[in-house]
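What follows is one structure encoded as structure tokens, with my remarks underneath.
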Amino acid sequence: MARGSSIELFFVDGQPDGMVTAEMFNWTGHVLRAPRLQVKDALSRQQSNGSGIYILLDDLAFPTQAYVGEAESISRRIRDHDSKKDWWTVAVICTTSADSLNKAHAKYLEARLLEIANTVKTVSLDNGNVPSRPGLNEAACANMEAFLDNLLMVLPAIRIDIFSDKTQSPAETKSKMRGNESEELFTLFFKKEGINASANLIGGHFVVKEGSDARSSWVGQDAPYRNLRSELEAKGIIVPAGANARFAKSYEFRSPSAASAVIVGRPDNGRMSWRHAETDRTYAEWEADKLSETSDEAVVTPWELEGVK
């Protein structure tokens with residue numbers, strides 16, 4: 001079973017879209033996300049003067065444009081980029097509380113992040129090439145991989161998900177099922193369009209299964225999920241299949257409605273479209289049943305236990 005982790009977010013100026021820092025218990029890493037409009041304030045902070053890695057990105061572009069770099073003085077390097085790169089809107093700075101990352105460490109993390117970005121293909125990289133990993137010894141490589149694991153957990157918490165691969169192989173899906181007590185199967189049918197799709201709800205992840213049908217193209221009005229559909233087509237996750245399309249890989253969605261909209265090619269209330277495979281209840285009805293079961297369970301308070309002789 002995976003262990004839970006705690007991330008501390010601090011909104012520097014009290015605004016959700018302003019500067020935010022992220023740290024984890026028992027991890028030396030310090031991550032700062034700042035909009036470009038506040039880059040001056042961000043670079044004046046103590047951590048920005050240290051060595052580490054940074055990410056510049058335009059999170060409004062499709063696909064997201066990004067640049068990953070390393071520096072012994074991140075503040076100095078980003079000031080240089082500010083005059084030479086016009087496109088970025090957000091800067092992410094990753095350093096350590098004791099400035100313990102040396103040049104080789106930073107280069108290793110930079111190379112690994114670029115390798116991951118090229119693998120998941122969620123961004124358009126502004127980097128000219130992927131640098132090779134520096135020659136760290138075995139222990140240092142292990143330390144940097146552990147550091148990277150924590151960093152990849154922190155980044156989505158500050159809305160940086162360009163290194164997250166939501167595709168899943170059948171083996172990965174089965175592994176998730178074995179690791180969670182709760183696994184449920186849902187189906188979605190659109191008889192008129194010949195669409196038949198299935199998805200597993202696995203420990204809070206709504207995963208549309210490989211081989212599921214989808215409409216051949218987006219037919220509805222512009223909507224947030226239209227870009228997601230285009231992204232999945234560009235990445236080869238949804239591919240043409242006769243009169244329709246199909247999922248070439250399993251894919252993890254944030255909600256049933258995101259999944260159904262991508263499948264039917266228009267905005268859709270997935271809570272009503274998906275049905276539980278065993279009970280034939282809609283997702284909304286099934287969820288309500290589960291919540292009702294929870295509310296009916298007896299709850300024993302600590303003081304009640306103390307009164308038991």
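If a residue must be within 22 Å of the chain's Cα centre (by Cα) and touching a residue at least 12 places away in the same chain (Cβ under 8 Å), how many such residues does segment 213-232 contain?
Applying the first criterion (within 22 Å of the chain's Cα centre (by Cα)) to segment 213-232 yields 223-232.
Right, trim to touching a residue at least 12 places away in the same chain (Cβ under 8 Å) and you get 223, 225, 227-232.
Residues that pass the stated criteria total 8.
Kindly establish whether GLU23 is part of a strand (DSSP E or B) and exposed (fewer than 12 other Cβ atoms within 10 Å of the Cβ).
On the way: part of a strand (DSSP E or B): yes; exposed (fewer than 12 other Cβ atoms within 10 Å of the Cβ): no.
So GLU23 fails the test.
Considering segment 147-166 alone, what residues qualify as being in a helix (DSSP H, G or I) and either within 15 Å of ARG254 (Cβ to Cβ) or without any contact (Cβ under 8 Å) to a residue 40 or more places away in the chain (or both)?
So the first thing to find is which residues in segment 147-166 are in a helix (DSSP H, G or I), and the list is 147-157.
LEU148, ASP149, LEU152, PRO156, ALA157 - these are the residues of segment 147-166 that are in a helix (DSSP H, G or I) and either within 15 Å of ARG254 (Cβ to Cβ) or without any contact (Cβ under 8 Å) to a residue 40 or more places away in the chain (or both).
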Got at least one residue in segment 284-301 being within 26 Å of LYS121 (Cβ to Cβ) and modelled with pLDDT of 90 or more? no
Quick one: SER83 ticks every box in (1) free of Cβ contacts under 8 Å to residues at least 24 places away in the same chain; (2) under 30 Å from LEU228 (Cβ atoms); (3) not in a loop (DSSP other than H, G, I, E, B) bar one, so which box is it? (2)
Restricting segment 219-236 to residues that are within 13 Å of ALA259 (Cα to Cα) and hydrophobic (A, V, I, L, M, F, W, C), the residue that is modelled with the lowest pLDDT: LEU228
Does at least one position in segment 16-35 carry a residue that is among the basic types (Lys, Arg), in the same structural domain as ILE74 (by TED's automatic domain parsing) and within 22 Å of the chain's Cα centre (by Cα)? yes
Those residues of segment 233-250 which are on the phi < 0 side of the Ramachandran plot and either surrounded by fewer than 16 Cβ atoms within 10 Å (Cβ to Cβ) or in contact (Cβ under 8 Å) with a residue 60 or more places away in the chain (or both) amount to ALA234, LYS235, ILE237, VAL239, PRO240, ALA241, ALA243, LYS249, SER250
Scan segment 48-71 and give yes if some residue there is in the same structural domain as ALA104 (by TED's automatic domain parsing), assigned to a helix (DSSP H, G or I), in contact (Cβ under 8 Å) with a residue 24 or more places away in the chain and surrounded by 20 or more Cβ atoms within 10 Å (Cβ to Cβ), otherwise no. yes
Can you find even one residue in segment 271-281 that is closer than 21 Å to GLU184 by Cα, of a type in the set (Gly, Ala, Ser) and more than 23 Å from the chain's Cα centre (by Cα)? yes
Test each condition in (1) exposed (fewer than 15 other Cβ atoms within 10 Å of the Cβ); (2) not in a loop (DSSP other than H, G, I, E, B) for ALA98 and report the one that comes out false. (2)
Taking LEU201, is it at pLDDT 90 or above, over 30 Å from TRP27 (Cβ atoms) and under 18 Å from the mean Cα position of the chain (by Cα)? yes
Within segment 233-251, restricting to residues that are hydrophobic (A, V, I, L, M, F, W, C) and closer than 22 Å to VAL123 by Cβ, the one that is nearest to the chain's Cα centre (by Cα) is ILE237
Restrict the check to segment 28-44 and report whether at least one residue is under 16 Å from ILE158 (Cβ atoms), assigned to a loop (DSSP other than H, G, I, E, B) and either out of contact with any Gly (no Cβ under 9 Å at 6 or more places or on another chain) or among the aromatic types (Phe, Trp, Tyr) (or both). no
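The values are calculated or read from the model by the stated rules, or taken from the named source; none is laboratory data. Source: prediction; values computed, not measured. With ideal geometry, Cβ positions are generated from the backbone for all residues, glycine too; neighbour counts draw on all protein chains shown.
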